[in-house]
Amino acid sequence: MKKIILIVISIFLLSIAFYISENKSKYDIGLIYTNSMEPKSELIRYDLENKSKEKLSIDAQGLTNVVKKENKILLTGNHGNIHVEVTNNKKIAQNDYDFPTNFFKEWENVKIFSLNKELEKNILVVKTKDEEKKKELEGFLRTGTIHNNQIYVFADLVHKKSSILYILDMEGEIKKQIELDYHFADDMLVIKDELAILTKEKITYLNTSTHKINYIKLPFEDPVHINLVDEKFLITSSDGVLGLFNEKFELINSIDTKRFIMKTRVKDNKIFILLPQIEAGQDNNIAQYSLSKDKIKFTKKYKIPDNTEELLVQDFYLE
């Protein structure tokens, strides 16, 4: 009898947790503002009702990307050579590299990122708690991921007007190179045993077991972000389109924000996009969307602090 009661209580508590997660209406947000030429950056924590909570000044330039894992925030950038780690609104670590960072990805026990040594050659870094390994690769390393203990890295070989997908082991050694028909990938997503790479005009869709590639036509030319939302795929384009796709990447619904989309985040099946100031008269905004019967539904737009002459907004995280 006691066992049954404990099971019922456990199910009840899980239901409450799920309900709170799915119906959460207020989020704290972290914003990174940076200067690409001088060592000046600010990490600002707000709630989405635009009430300031904390601000941390950081002596680093070009911090354009933010990754949040539990209570740790990691800042990197493609205009600076510094990686900054923040906990409890205090800078606790800084790593200096010889070159700016193109992309940065982190998992529980490993990080991978690329250093922009020169246009024709970049450096892939595989970093664990105990060691850091570097591998120089041909091309501009734009994005990457890990799947089944293999590293997948997309590279544009600008000098050859071609593109390559590198497949490496966890030691950073090349196991395979695949020439691709399409270029300029900004994001990729592992889908079971498939890898969807957002190349210009089409998705490069790789079976990671057979290495067979299909190219899937998209209704817009410049896809930049791909996310899984409520078992569907959300793809955003740099010129402002949010597209919702089914498992065959057939378009279900789309919205045109008519604004440049800088970053996309998904939390609790809610969609948040960063709309920066580009033209005179525009504000910095975070726009929130949700899904309703397979349609993208606008929820609310939040004004965030304006850019200044010295600092421009670059990225954000939610908690």
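From the helices alone, meaning DSSP H stretches of at least four residues, give me the mean residue ellipticity at 222 nm for the chain, per-run term -39500 (n - 2.57), in deg cm²/dmol to the nearest 500. Can you show the working numbers first?
On the way: 1 runs with 22 residues, N = 319.
When only DSSP H runs of four or more count, the value is -2500 deg cm²/dmol.
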Residues in region 232-247 that a label on Asp294 would reach, taking backbone N under 14 Å of a point 7 Å out along Cα→Cβ: 232-233, 244-247
Normalised by the residues of the chain, what does the relative contact order come to in percent, with Cα pairs under 8 Å and at least six apart? 11
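From the square roots a ≥ b ≥ c of the eigenvalues of the alpha-carbon gyration tensor of region 174-235, which class results: rounded (a/c under 1.5), prolate (a/b over b/c), or oblate?
Values: a/c = 1.96, a/b = 1.24, b/c = 1.58.
It comes out oblate by the Cα gyration axes.
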Residues in region 190-222, backbone N under 16 Å from the label point at Glu231 (7 Å along the Cα-to-beta-carbon vector): list them, ranges by number please. 192
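What FRET efficiency comes out for the pair Asn148/Asp181, r = Cβ-Cβ distance, R0 = 25 Å, nearest 0.05?
Rounded to the nearest 0.05, the efficiency is 0.55.
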Which of rounded, prolate or oblate describes region 91-201 when judged by the alpha-carbon gyration tensor and an a/c cut-off of 1.5? oblate
Computed lengthening from Val67 to Lys90, 0.36 nm per intervening residue step minus Cα-Cα distance: 6.7 nm
With springs only between Cα atoms under 10 Å, which of Phe99, Phe140, Phe113 fluctuates most in a Gaussian network model of the chain? Phe99
Most fluctuating of Val84, Val241, Val110 in the GNM of the chain (C-alpha, under 10 Å) is Val110
Accessible surface, the chain, averaged per residue in Å² (probe 1.4 Å): 52
Select from Lys267, Lys212, Lys129 the residue whose mean-square fluctuation is largest in a Gaussian network model of the chain (Cα-Cα springs shorter than 10 Å). Lys129
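Which of the GluC sites (Glu not before Pro) found in region 52-126 are in a DSSP loop and have at most 16 neighbouring Cβ atoms, other than their own, within 10 Å?
Details: sites: Glu54, Glu70, Glu85, Glu106, Glu108, Glu118, Glu120; in loops: Glu70, Glu108, Glu118, Glu120.
Answer by residue number: Glu70, Glu108, Glu118, Glu120.
Quick one: grab the alpha carbon gyration tensor of the chain, order the square roots of its eigenvalues as a ≥ b ≥ c, and give me rounded if a/c is under 1.5, else prolate or oblate depending on whether a/b is larger than b/c. Could you put the intermediate results ahead of the total?
Details: a/c = 1.30, a/b = 1.13, b/c = 1.15.
Rounded is the answer for the chain, as its axis ratio a/c remains below 1.5.
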Semi-axes of region 125-284 from the Cα gyration tensor (sqrt of 5 times each eigenvalue, largest first, whole Å) come to 28, 18, 17
With the full set of protein chains in place, find how many percent of the accessible area of the chain is carbon and sulfur; take the probe as 1.4 Å. 49
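The values are calculated or read from the model by the stated rules, or taken from the named source; none is laboratory data. All values reported here derive from a predicted model rather than from experimental measurement. Methodologically, a virtual Cβ is constructed for each residue, glycine included, from the backbone with ideal geometry; neighbour enumeration extends over all protein chains shown. Only protein heavy atoms, including side chains, enter the accessible area calculation; ligands, DNA and RNA are left aside. Shrake-Rupley method; radii C 1.70, N 1.55, O 1.52, S 1.80 Å.
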